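**Q** To start, I am sharing the structure in question, which I have written as structure tokens.
The values are calculated or read from the model by the stated rules, or taken from the named source; none is laboratory data. All figures in this text were calculated on a predicted structure; none of them were measured in a lab. We place every Cβ from the backbone using ideal geometry, glycine too, and count neighbours over all the protein chains shown. The area values use the complete protein model at the heavy-atom level, side chains included, leaving out ligands, DNA and RNA. Shrake-Rupley method; radii C 1.70, N 1.55, O 1.52, S 1.80 Å.
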Amino acid sequence: MTRREFVRRLVRRIRREAEILDRDVAIMHVCGSHERTIVEHGLRSLLPENVRLVCGPGCPVCVTTAGELAAAVKAAEDGMVVCAFGDVYRVPTPVGSLSSCDGDVRVVQSVRKAEEIAESEDRDVLYLAVGFETTAPTTAAVLLDDPPSNFYVLSAHRLIPPVMEWLLESGECRLDAFICPGHVSTIIGTEPYESVARELPCVVAGFEPEDVLIAVLACLKMLRRRRVGVANEYLRVVEDSGNQVAKELIERAFEPEDRPWRGFPTIPESALRLREDLADHDAMEIGIHPDYTLGHDESCICDKILRGLAEPRNCPLFGTKCTPTDPVGPCMVSEEGPCFIEYRFGGG
């Protein structure tokens, strides 16, 4: 069987399951890489009208608050060397962006590079740690490996299962199932999804178009059979127990805390802060405190897009006043942002 024939067979089976269900179904994914696969390969156009794939808060840059970014901007303007991933470099805040600030800001591809910069600098170096469970272990590994005394971390790491719980409990966006992120699941396994999976189907998926379609089919089958739970459709990579080494690194370096996300209220135990024994490298301990009340451009609807209440093309700024070269919100900056993905792969 060719790949095209396999996809056609999957689509036929999805349509058959959807016809049997005979009701509208909303399946949310929480992964920027899944959104790219969906848009780049036109998967939404292959699905029956009663099955909707909803993009959720799967972009780590997009859910980082303006207050956290503004704190890094201020640190640079106060004389620190600030290191950050390229995806956050141009994200606007009410006080400007890291790209426009009057300070020493360096784009790095890893926390190890930020550590190397600290080793070569007499000044204090701040690493803005952005990412979900996928990148948290690398930050933890550096923190636990006796970094230089002038190396500090502002942790903006966030956790996926708590936001899934919030989305389900809020009832703001009607959801019937979740497609769980493959990269995150390689770290945490499937057990952390079980609290959500007691209410609706959760399917762990990979990133090929076939992976996403298989996950959609699995969700529909579970809904038709009125089953809940976690199904792991990414067995070639994800183990149910996750990556024990990575999980131990996170546990040793961080502890969960309540924190707001961009577009969301404070979500219990949804972020990672440095443990007390690593306080010497905690940016919070030297007075770098994000202002979580800091707002954003009210004309931008990134908050609604991240909560599954709107799509990029619902935004009046999309493609006109907000483009990848002149972004208004983070969803148009990050390569995992739904607006950037729609602009690049969805016809501009």
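**Q** Just to be sure I understand the filter: pairs with C-beta atoms under 9 Å, separated by 6 or more residues or on different chains, first member in region 137-148 and touching a residue at least 40 places away in the same chain (Cβ under 8 Å), second member open to solvent by 10 Å² or more (accessible area, probe 1.4 Å) and hydroxyl-bearing (Ser, Thr, Tyr). Which pairs pass?
**A** Listed by first residue and then by second, the contacts come to THR139/SER155.
**Q** Output the number of the condition that VAL163 fails; it satisfies all remaining conditions of (1) more than 30 Å from ALA218 (Cβ to Cβ); (2) open to solvent by less than 40 Å² (accessible area, probe 1.4 Å).
**A** The single condition VAL163 does not satisfy is (1).
**Q** Counting only residues that are open to solvent by less than 30 Å² (accessible area, probe 1.4 Å) and on the phi > 0 side of the Ramachandran plot, how many does region 196-247 have? Before you say what the answer is, go through the steps one by one.
**A** To start, the set of residues in region 196-247 that are open to solvent by less than 30 Å² (accessible area, probe 1.4 Å) comprises 196-197, 200-206, 209-213, 215-220, 222-223, 229, 231-232, 234, 238, 242, 246.
The next check asks that each one be on the phi > 0 side of the Ramachandran plot; those that pass are 229, 242.
Residues flagged as open to solvent by less than 30 Å² (accessible area, probe 1.4 Å) and on the phi > 0 side of the Ramachandran plot within region 196-247 amount to 2.
**Q** Would a scan of region 186-195 turn up a residue that is open to solvent by less than 10 Å² (accessible area, probe 1.4 Å), β-branched (Val, Ile, Thr) and farther than 30 Å from TYR292 by Cα?
**A** The answer is no; no qualifying residue exists.
**Q** Still on this structure, please answer the following. Any residue at all in region 45-57 that is of a type in the set (A, V, I, L, M, F, W, C) and over 24 Å from the mean Cα position of the chain (by Cα)?
**A** yes
**Q** When you check ILE250 against the structure, is it buried (at least 21 other Cβ atoms within 10 Å of the Cβ) and either of a type in the set (S, T, N, Q) or farther than 19 Å from THR138 by Cα (or both), yes or no?
**A** So ILE250 fails the test.
**Q** If VAL61 meets every condition in (1) open to solvent by 30 Å² or more (accessible area, probe 1.4 Å); (2) within 29 Å of VAL184 (Cα to Cα); (3) in contact with an Asp or Glu (Cβ under 9 Å, 6 or more places away or on another chain) apart from one, which number is that one?
**A** Among (1) open to solvent by 30 Å² or more (accessible area, probe 1.4 Å); (2) within 29 Å of VAL184 (Cα to Cα); (3) in contact with an Asp or Glu (Cβ under 9 Å, 6 or more places away or on another chain), VAL61 violates only (1).
**Q** May I pose another question? Considering only residues that are part of a strand (DSSP E or B) and touching a Lys or Arg at 6+ places or on another chain (Cβ under 8 Å), which ones fall in region 53-69?
**A** Matches in region 53-69: LEU53 only.
**Q** Kindly provide the set of residues from region 310-345 that are outside any helix (DSSP H, G or I), under 20 Å from the mean Cα position of the chain (by Cα) and either within 20 Å of GLY42 (Cβ to Cβ) or among the acidic types (Asp, Glu) (or both), ordered by number.
**A** First, pick out the residues of region 310-345 that are outside any helix (DSSP H, G or I): 310-311, 315-329, 333-337.
Subset that is under 20 Å from the mean Cα position of the chain (by Cα): 310-311, 324, 327-329, 333-337.
If the condition is that a residue be outside any helix (DSSP H, G or I), under 20 Å from the mean Cα position of the chain (by Cα) and either within 20 Å of GLY42 (Cβ to Cβ) or among the acidic types (Asp, Glu) (or both), then GLU311, GLU335, GLU336, GLY337 are the ones that fit.
Quick grid of which residues meet (1) under 19 Å from ALA205 (Cα atoms); (2) touching a residue at least 12 places away in the same chain (Cβ under 8 Å); (3) not aliphatic (A, V, I, L, M):
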residue: ARG3; (1), (2), (3): yes, yes, yes
residue: VAL7; (1), (2), (3): yes, yes, no
residue: ARG15; (1), (2), (3): no, yes, yes
residue: ALA18; (1), (2), (3): no, yes, no
residue: ARG36; (1), (2), (3): yes, yes, yes
residue: LEU53; (1), (2), (3): yes, yes, no
residue: PRO60; (1), (2), (3): yes, yes, yes
residue: VAL63; (1), (2), (3): no, yes, no
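**Q** Right, here's the next one. Are any residues in region 308-330 in contact (Cβ under 8 Å) with a residue 60 or more places away in the chain and either in contact with a Phe, Trp or Tyr (Cβ under 7 Å, 6 or more places away or on another chain) or surrounded by fewer than 21 Cβ atoms within 10 Å (Cβ to Cβ) (or both), and if so, which ones?
**A** Taking region 308-330 first, the residues in contact (Cβ under 8 Å) with a residue 60 or more places away in the chain are 308-309, 311, 327-330.
Residues satisfying the conditions are LEU309, GLU311.
**Q** Further question: Among LEU274, LEU278, which is the only one that is surrounded by 22 or more Cβ atoms within 10 Å (Cβ to Cβ) and under 30 Å from LEU144 (Cβ atoms)?
**A** Of the residues listed, the single one that is surrounded by 22 or more Cβ atoms within 10 Å (Cβ to Cβ) and under 30 Å from LEU144 (Cβ atoms) is LEU274.
**Q** For ALA66, indicate whether it is within 25 Å of LEU272 (Cα to Cα) and either open to solvent by 10 Å² or more (accessible area, probe 1.4 Å) or modelled with pLDDT under 95 (or both).
**A** Taking the combined requirement at face value, the residue does not satisfy it.
Table: residues versus (1) assigned to a loop (DSSP other than H, G, I, E, B); (2) in contact (Cβ under 8 Å) with a residue 60 or more places away in the chain.
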residue: GLY242; (1), (2): yes, no
residue: GLU251; (1), (2): no, no
residue: ASP258; (1), (2): no, no
residue: ILE267; (1), (2): no, yes
residue: TYR292; (1), (2): yes, yes
residue: ILE305; (1), (2): no, yes
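**Q** If you check GLY308 against the conditions, is it on the phi > 0 side of the Ramachandran plot and of a type outside the set (A, V, I, L, M)?
**A** When the stated conditions are applied, GLY308 passes them.
**Q** What is the one condition in (1) farther than 18 Å from TYR127 by Cα; (2) buried (at least 17 other Cβ atoms within 10 Å of the Cβ); (3) of a type in the set (D, E, K, R) that ASP87 does not satisfy?
**A** Of everything listed in (1) farther than 18 Å from TYR127 by Cα; (2) buried (at least 17 other Cβ atoms within 10 Å of the Cβ); (3) of a type in the set (D, E, K, R), ASP87 misses just condition (1).
**Q** State which residue is most open to solvent (accessible area, probe 1.4 Å) when the search covers only region 1-48 and only residues that are closer than 28 Å to LEU167 by Cα and of a type in the set (S, T, N, Q).
**A** The extreme case among them is SER45.
**Q** Show me the strands (runs of 3 or more DSSP E) entirely contained within region 70-179 in which 2 or more residues are within 30 Å of VAL204 (Cα to Cα) and out of contact with any Lys or Arg (no Cβ under 8 Å at 6 or more places or on another chain).
**A** 125-131, 151-157
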